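Engineer: So that we are looking at the same thing, I have put the structure below in structure tokens.
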Amino acid sequence: MLHLPILRWGKPYRSVNQVVTPHFRTREPFVSMSQANVGMIRRDLLRQADARARLQAIPFADLVAMAGRAAEHFLHDTLPLDPESGTMQTPEDYIEQVSATTGAPFSNVKRNMLKVHGVLSKVTEVLAGLTRGLDLTVLDEGYGMVNGQMLSFFARGDAMGVVLPSNSPGVHSLWAPATVLKMPLVLKPGSAEPWTPLRMIYAWIKAGAPAEVFAYYPTDHAGGNEILRSTGRGMVFGDVSSTRRWKAEGRVEVHGPGFSKVVIGPDLADQWEQHLDVIAESIASNGGRSCVNASGVWVTKHGDRIADALAARLARVIPRPADDSEAMLAPFADPDTARRISSMIDADMTGESGTARDASAAVRDPNRVASVHGGTYLLPTVIRCDAGHPLANREFLFPFASVVEVPAADLPGCLGPSLVVTCISNDPAFRARFVASPHVDRLNFGALSTTQIGWDQPHEGNLFEHLYARRAIQRLA
Amino acid sequence: MSVAPSALAEARTTLDAWVRELMHWHFSPETGCTFWLDWAAKAGWDPRQEVAGYNDLDKFGEFQDEWLRGGPVRRWVPKAYQDKPIYTFETGGSTGVPKSRINVNDFRIDYEQFSTTLPDDKFPKGADWLHIGPSGPRRLRLAIEHLAQHRGGICFMVDLDPRWVIKLIKMGEMEMMELYKRHVIDQALTLLKAHDGIKCLFTTPKLLEALCERISLKKAGITGVFCGGTEMTPQFHRFAVEELMEGAYFAPTYGNTLMGLGPHKPPTKDDNWAIIYYPPAPRAMIEVVNPDDPTKLVDYGKTGRVRLTTLTREFFMPRFLERDECEREAPCEQYPWDGVRNVRPFSRFQKSVVEGVY
């Protein structure tokens, strides 16, 4: 069985306490992860300032160059997995291992691999987007002249702690630029997806980054909380209940459900058929597992027809073997989770909170849970309901969307908080209401998939602003 | 190392004889307590006649947790001790009304017996002690103090109130809990700086970690650490020995108000940092039983629920099912009776109890 170590500021450590994650299909033990005890994490994090000093001493330009090399190592090279045993990991191994513990098809893993590669290789562009083109060599000294103005920035902490999810490797692109921003990382990997952060760390080390600026702690819930508590800045992924504690703290950026949506404005309402592909891609890309996947389609007309057409289009997305290049759906590592989600949807359908219709049930197997290819899948589901229905604004870990028809005047106020909104409208006044909305985090105008990433745009908070604050500075001329 | 059959037999003979002696003590009107005398009257059988050895204690059935919760506490005082000063010690406060156990001298006897297991070069006779942990209604405070005095030292005290910590956790006040822990450690540091004679420490796993974040035990002059109070994992054991002790002796223990104190077996390489305890036989016995049929022991190495039998003149408690689970450990040369490996909260109860807070 494979073993993944703890990295204590870059130093591999094999714990007495191990947690085994099974292969999603065979349920046989697949990988054993060394678990860090809370005391170890606390003790190690007493040395955050040393790690930060190591990174601070490396010029920004060198870190950018390292990021470029790390991107290539991540994508192409054989990298260590468990130095103690000498186990190495090829890119192909990585894809198979991520798939084995998450169920994600190889094609999804490859796409996300490219996403991580993209953010590292285009890190200058990414950071320019986060800082509006600020010359970040200013971080080398902490102050400097930029466009004739003296600027100074200070780090808000000595390390960033990140409690990671297991749903999709793509989320790792969010914290990937932190090393270039001279911020040591303290990572708690998701129990089913420990692979990507470890591979990213070893890619950085091969690219020349000091191993001492990376800490990697497979650990329990208490360990994750300790990481967030003990680091100056944090990032946490999870559902509403598990992240509530951190929501109130500005120190920790919370990444939960996205409730992303596609909206068709009244001016283009009759041309809805032209946009079905974009809507379907927004819902189903990456197996519907990302926070940027659309979980709602809000329209002003033709709700029933749109729901039926979308259901028919998504019915083509069927379970396929993990190594099928057409595969899009990911099975659930725990079959009970799939059954539980499906039961929740059914319970809401039959509740007394308004009317809802499962448009997908008429065009595919009415049983939403499918056990094939050794995995348990949830088939894409489109629900037609009104705005007040409990399913109108829900998000699940599979291609799920509700189609909701509302008066144009209610948009975007009725949408609620939305990570991404694709607003398909050419009406300047309608668009302006979305620009003004405080609930829309990321806004696409036109038929862009909600999952399409613009490297020069911030996503779910601004990493630079999260890690650094500007101070006033002046000096005697 | 296997244990000589003669050693096993001798231990068993001692245990059976002690059980017979105690039956006469606890079920004779001149010496027994009201609770057991009333119990025997209702049960319709006389343990003095029918209990010939340890195995016969099965006839009592399971000792009920509720019997110890609430008063009158004096029903547990053996008549022979009714004129002695009585202590009452509490446990189980996180699961409702605390269980009370009366004490006269048991805590002293238990800790004097435990004292023989401590290495004198690491817990020097005459050295002073520092207790950082729960005191209040628990016997721990008096017991540690007595241990220190028994070994010729003086015990300094810093209190931690675990019931308040549980409340803070339930309220989600984690930062307040950290502040409270810091407050406790601050007091400990003040004492350590002021008293050079302190060489021995009693504390809990979490407080030990917190203390070692602030000071080096070696620089503080600590040579022996007696640790207990909550669950310790093998990984914690390794972490403590390799990274916190700096050469000090680490003595993990399993103890509670109802049993007394279980010394640990010094670790060997083969144990892979498992924490192995043995009960202080014949004053208490621990068995590992099938959770679905607590009358049956599990095989050696198998997991089961901890069943405790306490056998002192002050307190008789047969076949009590603890809220812990562990693996059954075979007798060893030093302790020729069953032990327990890697004790942890009983997994079937884990969701309902906040444990391990101090």
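Engineer: Please go through the stretch B:230-271 and pick out each residue that is within 11 Å of chain A (Cβ to nearest Cβ) and not in a helix (DSSP H, G or I).
Structural biologist: The answer is B:MET232, B:THR233.
Engineer: Looking at B:PHE107, B:PHE114, can you tell me which residue is farther than 23 Å from B:ASP338 by Cβ and within 23 Å of the chain's Cα centre (by Cα)?
Structural biologist: After ruling out the rest, the residue left standing is B:PHE107.
Engineer: Need pairs with beta-carbon distance below 6 Å; first residue under 11 Å from B:LEU147 (Cα atoms) and within the stretch B:104-120, second outside any helix (DSSP H, G or I) and at pLDDT below 95; sequence gap 6+ or separate chains.
Structural biologist: That search, which allows pairs on different chains as well, returns B:PHE107/B:ARG139; B:ASP110/B:GLY260; B:ASP110/B:LEU261; B:GLN113/B:PRO280; B:PHE114/B:LEU261; B:PHE114/B:PRO263.
Engineer: Regarding B:ARG319, is this residue modelled with pLDDT of 95 or more and surrounded by fewer than 22 Cβ atoms within 10 Å (Cβ to Cβ)?
Structural biologist: Taking the combined requirement at face value, the residue satisfies it.
Engineer: Go through the stretch A:418-462 and give me each residue that's among the aliphatic types (A, V, I, L, M) and loosely packed, with under 15 Cβ neighbours inside 10 Å.
Structural biologist: Selection gives A:ALA429, A:ALA432, A:VAL435, A:ALA436.
Engineer: Let me ask something else. Considering B:GLY152, B:GLY172, which residue is within 14 Å of chain A (Cβ to nearest Cβ), on the phi > 0 side of the Ramachandran plot and either part of a helix (DSSP H, G or I) or without any contact (Cβ under 8 Å) to a residue 60 or more places away in the chain (or both)?
Structural biologist: Going through B:GLY152, B:GLY172 in turn, the sole match is B:GLY172.
Engineer: How many residues are in contact (Cβ under 8 Å) with a residue 60 or more places away in the chain and assigned to a strand (DSSP E or B) when one looks only at the stretch A:399-440?
Structural biologist: The total comes to 13.
Engineer: In the stretch B:192-214, which residues are more than 12 Å from chain A (Cβ to nearest Cβ) and of a type outside the set (Lys, Arg)?
Structural biologist: Answer for the stretch B:192-214, where residues must be more than 12 Å from chain A (Cβ to nearest Cβ) and of a type outside the set (Lys, Arg): B:LEU192, B:ALA194, B:HIS195, B:ASP196, B:GLY197, B:ILE198, B:CYS200, B:LEU201, B:PHE202, B:THR203.
Engineer: Oh, and also: Quick one: in the stretch A:8-19, which of the residues that are among the hydrophobic types (A, V, I, L, M, F, W, C) and more than 18 Å from A:ALA192 (Cα to Cα) is nearest to the other protein chains (Cβ to nearest Cβ)?
Structural biologist: The extreme case among them is A:VAL16.
Engineer: Only one of A:SER32, A:SER99, A:SER85 is within 14 Å of chain B (Cβ to nearest Cβ) and small (Gly, Ala, Ser); which?
Structural biologist: Sole residue among the options that is within 14 Å of chain B (Cβ to nearest Cβ) and small (Gly, Ala, Ser): A:SER32.
Engineer: Looking only at the stretch B:272-290, which residues are surrounded by fewer than 18 Cβ atoms within 10 Å (Cβ to Cβ) and within 14 Å of another protein chain (Cβ to nearest Cβ)?
Structural biologist: Of everything in the stretch B:272-290, just one residue is surrounded by fewer than 18 Cβ atoms within 10 Å (Cβ to Cβ) and within 14 Å of another protein chain (Cβ to nearest Cβ), namely B:ASN272.
Engineer: Working only within the stretch B:28-50, note down all residues that are part of a loop (DSSP other than H, G, I, E, B) and farther than 10 Å from B:ARG75 by Cβ.
Structural biologist: B:SER28, B:PRO29, B:GLU30, B:THR31, B:GLY32, B:GLY44, B:TRP45, B:ASP46
Engineer: Quick one: in the stretch B:253-270, of everything that is farther than 19 Å from B:THR91 by Cβ and in contact (Cβ under 8 Å) with a residue 12 or more places away in the chain, which residue is surrounded by the most Cβ atoms within 10 Å (Cβ to Cβ)?
Structural biologist: B:PRO263
Engineer: Conditions: (1) more than 14 Å from the chain's Cα centre (by Cα); (2) closer than 22 Å to B:PRO280 by Cα. B:GLY136 meets all but one. Number of the miss?
Structural biologist: (2)
The values are calculated or read from the model by the stated rules, or taken from the named source; none is laboratory data. Keep in mind that this is a model prediction, so the values were computed, not measured. Ideal geometry is used to build each Cβ from the backbone, glycine not excepted, and the neighbour counts take in all protein chains shown.
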